[in-house]
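Let me begin by presenting the structure, written as structure tokens, before commenting on it.
The values are calculated or read from the model by the stated rules, or taken from the named source; none is laboratory data. Quick caveat, the model's predicted, so the values are computed rather than measured. Note that each Cβ is placed from the backbone with ideal geometry, even for glycine, and that neighbours are counted across all protein chains shown. All accessible areas refer to the heavy atoms of the entire protein, side chains included, with ligands and DNA or RNA removed. Shrake-Rupley method; radii C 1.70, N 1.55, O 1.52, S 1.80 Å.
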Amino acid sequence: MKFTLKDYQEEAVQDVLTNLKKAQKRWHEDSDIHVFSLTATTGAGKTVMAAAVFETLFNGHDEYDIEPDPGAVVIWFSDDPSLNEQSKYRLMEASDKLTTSDLVTVENTFCREQFEAGKVYFLNTQKLSKNSLLVRGHNPE
């Protein structure tokens with residue numbers, strides 16, 4: 001991380017990582033879906049906290065007692081493409097481990113069978129409308 005997390009941010013990151021560990025365990029044991037969210041007031045540093053979580057998820061972290069998850073994929077979902085770009089920029093600003101190739105904007109032309117591990121994919125509601133190529137399928141011919 002390029003920033004030092006404040007105590008409340010450190011606590012929130014630890015909580016998210018604990019929930020991710022629980023979710024992973026439940027998924028592997030029972031194929032059970034585990035949902036949680038990180039909420040905080042505007043200006044609290046949610047994107048910086050997310051950067052810390054993503055770095056740990058992809059690379060592991062001794063202090064958090066987290067091993068890297070080689071199959072981890074993150075989907076950053078919002079209703080506004082410009083907000084996704086702003087978040088992408090902020091993640092790059094906060095992280096010293098995430099690279100531009102790790103942060104992928106899902107465009108209409110996205111043509112992969114599955115998401116690649118170790119990446120954060122930025123997706124917005126417009127890309128999932130019924131007329132979107134992502135939903136209808138894309139035939140390049």
From the set of residues in region 34-52 that are within 20 Å of PHE115 (Cβ to Cβ) and among the aliphatic types (A, V, I, L, M), which is surrounded by the fewest Cβ atoms within 10 Å (Cβ to Cβ)? VAL35
Can you name the residue in region 62-103 that is free of Cβ contacts under 8 Å to residues at least 12 places away in the same chain and within 24 Å of LYS22 (Cβ to Cβ) and is also surrounded by the most Cβ atoms within 10 Å (Cβ to Cβ) among such residues? PRO68
Anything in region 4-30 that is open to solvent by 80 Å² or more (accessible area, probe 1.4 Å) and in a loop (DSSP other than H, G, I, E, B)? List them, or say none. THR4, LYS6
From (1) more than 24 Å from GLN114 (Cβ to Cβ); (2) open to solvent by less than 30 Å² (accessible area, probe 1.4 Å); (3) of a type in the set (Asp, Glu), pick out the condition that doesn't hold for GLU55. (1)
Which numbered condition trips up VAL120, out of (1) assigned to a strand (DSSP E or B); (2) modelled with pLDDT of 95 or more; (3) open to solvent by 80 Å² or more (accessible area, probe 1.4 Å)? (3)
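Name the residues in region 38-78 that are in a strand (DSSP E or B) and at positive phi, would you? Spell out how you get there, then give the answer.
We begin by selecting, within region 38-78, every residue in a strand (DSSP E or B); these are 61, 66, 73-78.
Result: no residue meets the conditions.
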If I filter region 80-96 for residues that are closer than 13 Å to VAL13 by Cβ and assigned to a loop (DSSP other than H, G, I, E, B), do I get at least one hit? yes
